[in-house]
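Below: the structure, in structure tokens.
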Amino acid sequence: MSDDAIRIYVACLASYNAGRLHGTWIDATQDADDVHAAIYDAHTEERAPLATDDDRVWLARHAAEVVAAFAALHQLQAEAFAAAAAVATTGRV
């Protein structure tokens, strides 16, 4: 994972509610299927024993939406940096 990659922190809410922090950083710029697999892997029984099947079903339903939101954010960030670079080089807005 590169230093400038957009990353998301995926945490286990069941573990958090039980007073334990469990999560992992995932590169959000990779393929949507890879992000989905990484999110699901972070919530396997061995890694997040307090996560329920309901938690995993929610992930399966909503992971694509999360990935799409971060892809849109990445695009907006790229556009903002391009606009800032244009202002810096031309001195005009």
Exercise. Kindly list, by first and then second residue, each pair from a residue in segment 71-85 that is within 11 Å of ASP4 (Cβ to Cβ) to a residue that is open to solvent by less than 60 Å² (accessible area, probe 1.4 Å), limited to pairs with Cβ atoms under 6 Å and residues at least 6 apart or on different chains.
Key: HIS74/ILE6
Quiz item: Which one of these does TYR40 not meet: (1) modelled with pLDDT of 80 or more; (2) touching a helix residue (DSSP H, G or I) at 6+ places or on another chain (Cβ under 9 Å)?
Solution: (1)
Quiz item: PHE81 versus (1) under 18 Å from TYR9 (Cα atoms); (2) assigned to a helix (DSSP H, G or I); (3) among the aromatic types (Phe, Trp, Tyr); (4) modelled with pLDDT of 80 or more: which is the lone unmet condition?
Solution: (1)
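The values are calculated or read from the model by the stated rules, or taken from the named source; none is laboratory data. Not measured: the values here are computed from a predicted model. Cβ sites come from the backbone with ideal geometry, for glycine too, and all protein chains shown count toward neighbours. SASA here: full protein model, heavy atoms, side chains in, ligands and nucleic acids out. Shrake-Rupley method; radii C 1.70, N 1.55, O 1.52, S 1.80 Å.
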